[in-house]
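Visitor: Got a structure for you, questions after.
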Amino acid sequence: MDEYIGLCCLAALLHCSPQTIVNNRSRAPWRVPPACTPAGTRRLLWRRVDVDDWLAGQVKPAAVPPRLPGRPRKTGKEVRHG
């Protein structure tokens with residue numbers, strides 16, 4: 001059976017307040033994992049598997065530092081003498 005977490009547990013996982021999650025669900029839904037609401041209730045629940053998958057998708061690769069402007073580097077083949 002799937003494990004479900006509530007609003008306060010999700011807020012603790014995302015290091016934000018529960019109200020931020022509620023606001024982001026309507027203003028910026030890409031900032032929170034997809035929720036599932038049981039039929040006949042208004043309670044917000046998230047499947048733990050969905051939250052873990054969503055968090056894994058949020059990881060960005062390390063950025064490569066930009067090259068500094070300036071004179072091009074000399075390589076072994078391009079060096080000319082005289």
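We did not get these values from a lab; they are worked out from the coordinates using the rules stated. Note that the structure is a prediction, hence the values are computed from the model and not measured. Here the Cβ is made from the backbone with ideal geometry for all residues, glycine too, and neighbour counts use every protein chain on show.
Visitor: Please give the helix 18-27 orientation as an angle from the longest Cα principal axis of the chain, in degrees from 0 to 90, rounded to the nearest 10.
Guide: 70
Visitor: Give me the net charge for the shell around Arg48: Cβ to Cβ below 9 angstrom, other residues only, Lys and Arg +1, Asp and Glu -1.
Guide: Summing Lys/Arg as +1 and Asp/Glu as -1 gives -3.
Visitor: Follow-up. Once you place label points 7 Å from the Cα toward the Cβ at Arg42 and Ala63, how far apart are they in nm?
Guide: 4.1
Visitor: Let's see if you can work this out: charge +1 on each Lys and Arg Cβ, -1 on each Asp and Glu Cβ, no other charges. What is the dipole magnitude of the stretch 1-66 about its Cα centre, in debye to the nearest 20?
Guide: Roughly 320 debye for the stretch 1-66.
Visitor: Would you work out which of Thr37, Leu13, Val49 lies farthest towards the positive end of the dipole of the stretch 4-57? Charges go on Cβ: Lys and Arg +1, Asp and Glu -1.
Guide: Value: Thr37.
Visitor: Considering the values (i) 50, 14, 10; (ii) 22, 20, 10; (iii) 54, 19, 6, which represents semi-axes √(5λ) of the Cα gyration tensor in Å as calculated for the structure under consideration?
Guide: Structure-derived value, by its label: (i).
Visitor: On to the next question. Compute the helix-to-body angle for 48-57: its Cα long axis versus the longest principal axis of the chain, expressed 0 to 90° and rounded to tens.
Guide: So the inclination is approximately 20 degrees.
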